[in-house]
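Just so it is clear, none of the values below were taken in a lab; they were calculated from the coordinates. Model, not experiment: these values are computed from the prediction. Neighbour counts run over all protein chains shown; Cβ positions are idealised from the backbone, glycine included.
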Amino acid sequence: MKRVVVGLSGGVDSSVAAYLLQQQGYEVIGLFMKNWHDDSVTISNECPWLEDSNDALLVAEKLGIPFQTVDLSEEYKEKIVDYMFNEYEKGRTPNPDVLCNREIKFDVFMKIALSLGADYVATGHYCRKTEIDVNGETVYQLKAGADVNKDQSYFLCQLSQEQLAKSLFPIGELTKPEVREIAAQMDLITAEKKDSQGLCFIGKVRLPEFLQQKLQPKDGIIIQIDKNDPIYSVEKQVGLTLEEELNTAAQKLPYTPEMGKVVGKHQGAHYFTIGQRKGLNVGGTTDPLFIIATNVETNTIYTGLTSMHPGLFKKVLRIEKDEVHWIRKDLALANGESAEYMVRIRYRQLLQKATLYQFENQMYIAFEEPQSAITEGQFAAWYLEDELIGSGVIS
């Protein structure tokens, strides 16, 4: 019997994952990860870890599997929370869920599981793992979950072949309603439980309050830029190489306060992100304002009216060479190579047609259609059909 450690989160997905593995004849152990202590910034009653660990324990008892809680809050603080603060401070918007999978669940947690003699680690992610043979070597494929509405492959876009080799995703072939049905049939306490929202394992966090613990508020101005500003009709330079052309298209636009009008004040540019609409507290505009750029150096926020404002759209993004990650190393692009892929720049975004260009020091992704709110610090992930091939941090 192969031994599997399941990350029981106290939710319905991981509960059913544990049950299915048991049915498949694995020896199953349930582990709950405690990653957070500070209740002062979580919104009360929304997914407190105590209730979740209790639900996880009750599921383990029901299934008759061993259970324990592991406290990873120190590692979580160091690898996820501190990283988040640093990124926000630089004016970037990190994705803690992607990092949590790479650094915590499939690294720190996986090492604990393997030290317990486990052959695999399993989670309740909606994705699938398959394997193929490439030149006599086993290569693991990470594929989208069968439930299109719940596919979570994007959150695992930074996993490596070594991590995938030891991972199982038992509910990847199921839809959410099917998972809930199995939980109800088994009379599991989590059958009707709402999905948790917010930071991976922390629960719903009030982000500004959370960031204010580390990042001091400082007053700045909100500028509104007109959609017909000359900055949006710059003539194309001629005689550029392909790399120079892509680099130009990926650059941030050089906004200055003089270009627009002051429409409000804010408490710190580092609390805001591109594409954001809520939390600006600016009234009296004909249409909603969206953030089109932030500048943490000058502590200025630039906004535009409506979600179709030209300042929100770009066709090219850049990824630094050392931030490019291939799950399928056998498909990695060499310097000077390009390939067409389907790409998403955020969770749940529909896949977009794009071409990847690998150069010596960076990769560019050029989209067929302009994309809204390409955001520094987020992950771009590229797919071939339903298989996730690689990803990288947008720079």
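Miscellaneous remarks
- Where GluC sites (Glu not before Pro) in DSSP loops with at most 15 other Cβ within 10 Å are excluded, longest remaining stretch of the chain: 47-172
- Percent antiparallel among DSSP beta bridges (both partners in the chain, rounded to 5): 75 percent
- Cα-only Debye scattering, segment 339-395: base-10 log of I(q)/I(0) at q = 0.18 Å⁻¹: -0.55
- Gap separating the Cα centres of segment 142-163 and segment 102-117, nearest whole Å: 18 Å
- Remark on THR300: its backbone amide H falls under 5 Å from those of ASN295, a criterion applied only to residues 5 or more positions apart or on other chains, H modelled at 1.01 Å from N.
- Length-normalised contact order of segment 205-303 in % [C-alpha pairs under 8 Å, at least 6 apart]: 39 percent
- With helices as the sole contributors, the chain gives -5500 deg cm²/dmol at 222 nm; each DSSP H run of n ≥ 4 counts as -39500 (n - 2.57), and the sum is divided by every residue.
- Pairs of Cα atoms nearer than 8 Å and 6+ residues apart set the relative contact order; for the chain it is 16 percent.
- Contact order normalised by residue count of segment 123-202, Cα under 8 Å, 6+ apart, percent: 30 percent
- Given R0 = 30 Å, the distance between the Cβ atoms of THR248 and LEU351 translates into a calculated FRET efficiency of 0.70.
- What you get for the chain, charging only the Cβ of Lys and Arg (+1) and of Asp and Glu (-1), is a dipole of about 680 debye around the Cα centre.
- Rough spin-label spacing in nm, given labels placed 7 Å along Cα→Cβ, for GLU323 and GLU162: 2.4 nm
- Principal axis extents of the Cα atoms in the chain, from largest to smallest and rounded to whole angstrom, are 67, 53, 34.
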